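To start, the structure itself, in structure tokens.
The values are calculated or read from the model by the stated rules, or taken from the named source; none is laboratory data. All values reported here derive from a predicted model rather than from experimental measurement. Neighbour counts run over all protein chains shown; Cβ positions are idealised from the backbone, glycine included.
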């Protein structure tokens, strides 16, 4: 589980060119927040969205959505260390719903499977595209996330694999 905060601005797909090009860009004052979870086995994407803030109540809303799927198997949710994910409200609801919360080490986004999904969303519907209206921007992200379980399933299969970066032959230096 992780949150992505998509800001309504220009997302450049390429950085360098021979000539100066002026690119239209919206103000960047609005953002579309997506709190999502990916089933590590089926690759199904479950989301909660808003335009204000992701907070503990958003986390609780997503936990309730996960339980509503009623799969009949124990649920373990992998989270990063955001403050709103480590409050008593979230702990209490997770305990009541019999959900195990597993927190990743600090500064380790490479271990969070959903970070790869956020990268895919940016590449698919944001990079090198201009959305003059915030509603179009929001609709493009929502459409991409809706297609994650259908149209994009084949391209996400290799991206959302359980192969994580590991560090071999690392020497720890004493300071």
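Residue pairs whose Cβ atoms lie under 8 Å apart, sitting 6 or more positions apart in sequence or on different chains, and linking a residue in the stretch 132-145 that is over 16 Å from residue 156 (Cα atoms) to a partner that is assigned to a helix (DSSP H, G or I), are 140/125; 140/126. Would you call residue 4 in contact with a strand residue (DSSP E or B) (Cβ under 8 Å, 6 or more places away or on another chain), at pLDDT 80 or above and within 21 Å of residue 126 (Cα to Cα)? For residue 4, the condition - in contact with a strand residue (DSSP E or B) (Cβ under 8 Å, 6 or more places away or on another chain), at pLDDT 80 or above and within 21 Å of residue 126 (Cα to Cα) - is met.
Among the residues of the stretch 80-102, those that are under 19 Å from the mean Cα position of the chain (by Cα) and either surrounded by 13 or more Cβ atoms within 10 Å (Cβ to Cβ) or not in a helix (DSSP H, G or I) (or both) comprise 80, 81, 82, 84, 85, 86, 90, 101, 102.
Of the residues in the stretch 147-160, at least one is loosely packed, with under 13 Cβ neighbours inside 10 Å, at pLDDT below 90 and not in a helix (DSSP H, G or I). Can you name the residue in the stretch 59-79 that is without any contact (Cβ under 8 Å) to a residue 40 or more places away in the chain and part of a helix (DSSP H, G or I) and is also surrounded by the fewest Cβ atoms within 10 Å (Cβ to Cβ) among such residues? Step by step, filter the stretch 59-79, then rank; the result is 68.
Answer yes if at least one residue in the stretch 130-138 is out of contact with any strand residue (DSSP E or B) (no Cβ under 6 Å at 6 or more places or on another chain) and within 24 Å of residue 41 (Cβ to Cβ), and no otherwise. Scanning the stretch 130-138 turns up no residue that is out of contact with any strand residue (DSSP E or B) (no Cβ under 6 Å at 6 or more places or on another chain) and within 24 Å of residue 41 (Cβ to Cβ).
From (1) within 18 Å of residue 37 (Cβ to Cβ); (2) in a loop (DSSP other than H, G, I, E, B), pick out the condition that doesn't hold for residue 115. Just one mismatch for residue 115, condition (2). Between residues in the stretch 108-130 that are within 16 Å of residue 7 (Cβ to Cβ) and residues that are modelled with pLDDT of 90 or more and part of a helix (DSSP H, G or I), which pairs lie under 7 Å by C-beta distance while being six or more apart or on different chains? That search, which allows pairs on different chains as well, returns 121/141; 121/144; 121/145; 125/140; 125/141; 125/144. Candidates in the stretch 29-42 are the residues that are more than 13 Å from the chain's Cα centre (by Cα) and in contact (Cβ under 8 Å) with a residue 12 or more places away in the chain; of these, the one that is farthest from residue 66 (Cα to Cα) is 29.
Restricting attention to the stretch 1-28 and to residues that are under 24 Å from residue 111 (Cα atoms) and buried (at least 19 other Cβ atoms within 10 Å of the Cβ), the residue that is farthest from the chain's Cα centre (by Cα) turns out to be 6.
Among the residues making up the stretch 146-164, those that are under 16 Å from residue 36 (Cα atoms) and without any contact (Cβ under 8 Å) to a residue 40 or more places away in the chain are 146, 147.
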